[in-house]
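Data block below; observations after.
Just so it is clear, none of the values below were taken in a lab; they were calculated from the coordinates. Just so it is clear, the model here is predicted, and its values are computed rather than measured. When we count neighbours, we look across all protein chains shown, and the Cβ atoms used for this are built from the backbone with ideal geometry, even at glycine.
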């Protein structure tokens, strides 16, 4: 994360948790379907033990100033942002005036709102998922995240090929219909709200049909 020294310059702190958070949160800026990845970002936050303020620092001061342009580009990056490149960009920005302004109490939040737009909805959803994920520990948490990721991928999928692939992943995990129901019940409100906020058709009948097909496939395991 970034810290403000007494002279007003910004320095980048590094740790395994910082790097993991940069990797998973930067995925939200990719020019492709990234909403299922919110589950993994939430798990990374829960695992780090960082406070909301500490993670906000990474999101607002490090990632947003560098990556928000990707979603405003005609040909944005859709695969991934190499972590070495990302951390190099963060370090290169640390002495720039705009970086120092981003850390100021009044100017910073205004710049952030201009840059973030609808991405802030996804970031808030990540924190809602953190609350759900943090109630679990160890293997139980790992399994919940795996199942929740596949369910979210099915929920947002608009192509049968990708839907079928995630259904196979659920079967490979050995997920039970009961496990599917519990996981979906806990995350459905968040998934549905983001679909609506994105301006898309909630497609209730299509989504229900796809989820029913996924759940039914688990009954034969």
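Going from the residue with the fewest nearby Cβ atoms within 10 Å to the one with the most, 205, 153, 48, 15 rank 205, 15, 48, 153. In this label model, residue 142 and residue 32 are separated by 2.5 nm, measuring between points 7 Å along each Cα→Cβ vector. In plain terms, the bigger the Kirkwood radius, the slower the diffusion; for the range 136-218, with that radius from Cα pairs, at 20 °C and 1.002 mPa s, Stokes-Einstein puts D at 165 µm²/s. Each of 31, 172 was scored by other Cβ atoms within 10 Å of its Cβ. Arranged with the fewest first, they read 172, 31.
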